[in-house]
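Asker: Dropping a structure here in structure tokens format, bear with me for questions.
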Amino acid sequence: MSEVPASPLSGAGFRWLMLYRICTLFSYQIVAVAVGWHVYEITRDPWSLGLIGLAEVIPFFCVAPFSGYLVDHLPRRKLGAAACLGLAINAGLLALLAAGLLPLHGLWPIYLAIAVGGIGRSFLGPVYNALFARALKREQFARGASMGSVVFQTGLVLGPAVGGVLIGAVGKSTTYAVAAVFAVAAALALLTMPVTEPAQQQQRGPVFASIGEGLRFVFGHQILLGALALDMFAVLFGGAISLAPAFIKDVLHAGPEALGILRGAPALGSVAVALWLSRHPLQANAGRIMLGAVAGFGACMIGFGLSTAFWLSAFFLLLSGMFDGVSVVLRSTVLQLATPDEMRGRVSSVNSIFISSSNELGAFYSGAMARLLGLVPSVVLGGFVTLGVVGVTSWKAPKLRKLDLRDLH
């Protein structure tokens, strides 16, 4: 009988890593709720919400390939701490703008501050994934990925809820300031974390050749590429949560507290699933389960778009989070098991480009489609496109469809 691996939480390094992760999530999610409310309060235009995503994704996309290279060649904890300070600067600028303490007017200063946050965020994922592999043994990866997802989704639940409550209670400026404090706390958690840095960091090759090596690895690995592409297109076309401020004001007729509930509902569902998966990690039929989960996510987006009742809308988002939680845990496990340690930063940066940038591009797409088709038709169409993405991925990536995680150990 094989020995059961120790709990990932038994290691101090992993515990500090989880603190870093939840603090960065609180910082980012509080800002996301506040800036969406801030911009829509000024413009009353869904298009302006889409531009928030575009303002963040352009610098993110430009910096992400280089962030992976730097994570593989520089001290990861210090680099991550610097990125957290970028988030703090972003939130601080927004706090000053909301308070009217800067002699700037219009939306462009808000979008500029968001761009600063996008640069900082491009380092967070590669740093987390690289340190994850240093804090745990390989046999702990599956449970660690589930626990990491629990922390991640908890941040997505509580962050928006806290942001919504803060906006209603103390206003936008103080809300942004709280987000800055969480970013600083994340930096301190990384600097305190006891973990070794790999010797490969000292072996620096040409920047673009090194980045190209990471890209070739991902695009030559059908299972990893299929998992990333599936998630990317599902989020790109099916991620309607960026339009939540417009749904709250124009369809559901509620306030900022309700916005926090809607933004947190998907993550609440993901937390429930990730908690279960942390005790019952998936192995067999992982590929089919992932495809089915993304299809369920698309169906929930259709239901959300058609709903006109607040609690029904929240239920569809909760259910979408449960399906998304399965996909996230499986993708994270595949990423950790399939990637060599010396390439974790670069491969993780490719993952960030696929996944994180698709959230912002999805926000831009949703805003553009809402302007062209209207709120409800744009969300419903996105749900149906997500179902189509599942069908194409199943056809084009048979190794992913037949995946058993035990084959990657």
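Asker: Between PRO103, PRO75, which is modelled with pLDDT under 80, over 20 Å from the mean Cα position of the chain (by Cα) and open to solvent by 20 Å² or more (accessible area, probe 1.4 Å)?
Answerer: None of the others qualify; the one that does is PRO103.
Asker: Right, something else. Given the conditions (1) out of contact with any Phe, Trp or Tyr (no Cβ under 9 Å at 6 or more places or on another chain); (2) assigned to a helix (DSSP H, G or I); (3) not small (Gly, Ala, Ser), which single one is not true for GLN140?
Answerer: So the condition that GLN140 fails would be (1).
Asker: Now a separate question. So which of TYR128, TYR111 is out of contact with any Cys (no Cβ under 9 Å at 6 or more places or on another chain), of a type outside the set (A, V, I, L, M), buried (at least 21 other Cβ atoms within 10 Å of the Cβ) and modelled with pLDDT of 85 or more?
Answerer: Going through TYR128, TYR111 in turn, just one is out of contact with any Cys (no Cβ under 9 Å at 6 or more places or on another chain), of a type outside the set (A, V, I, L, M), buried (at least 21 other Cβ atoms within 10 Å of the Cβ) and modelled with pLDDT of 85 or more: TYR128.
Asker: Count, please, the residues in the stretch 236-257 that happen to be farther than 12 Å from PHE364 by Cα, among the aliphatic types (A, V, I, L, M) and assigned to a helix (DSSP H, G or I).
Answerer: 5
Asker: So which of TYR20, TYR40 is over 30 Å from ARG371 (Cα atoms), in a helix (DSSP H, G or I) and aromatic (Phe, Trp, Tyr)?
Answerer: The conditions single out TYR20.
Asker: In addition: Please verify whether PHE364 is modelled with pLDDT under 80, open to solvent by 50 Å² or more (accessible area, probe 1.4 Å) and closer than 24 Å to ALA32 by Cβ, treating the condition exactly as stated.
Answerer: When the stated conditions are applied, PHE364 passes them.
Asker: Is it the case that some residue within the stretch 165-179 is open to solvent by less than 30 Å² (accessible area, probe 1.4 Å) and under 30 Å from LEU335 (Cα atoms)?
Answerer: yes
Asker: Which residues, counting only those in the stretch 266-282, are at pLDDT 80 or above and open to solvent by 40 Å² or more (accessible area, probe 1.4 Å)?
Answerer: Passing the criteria: LEU268, ALA272, LEU275, TRP276.
The values are calculated or read from the model by the stated rules, or taken from the named source; none is laboratory data. Remember, it's a predicted structure, so these values are computed and weren't measured experimentally. Cβ coordinates were reconstructed from backbone atoms using ideal geometry, including for glycine residues, and neighbour counts include every protein chain displayed. Accessible surface areas use protein heavy atoms only, side chains included; no ligands, DNA or RNA. Shrake-Rupley method; radii C 1.70, N 1.55, O 1.52, S 1.80 Å.
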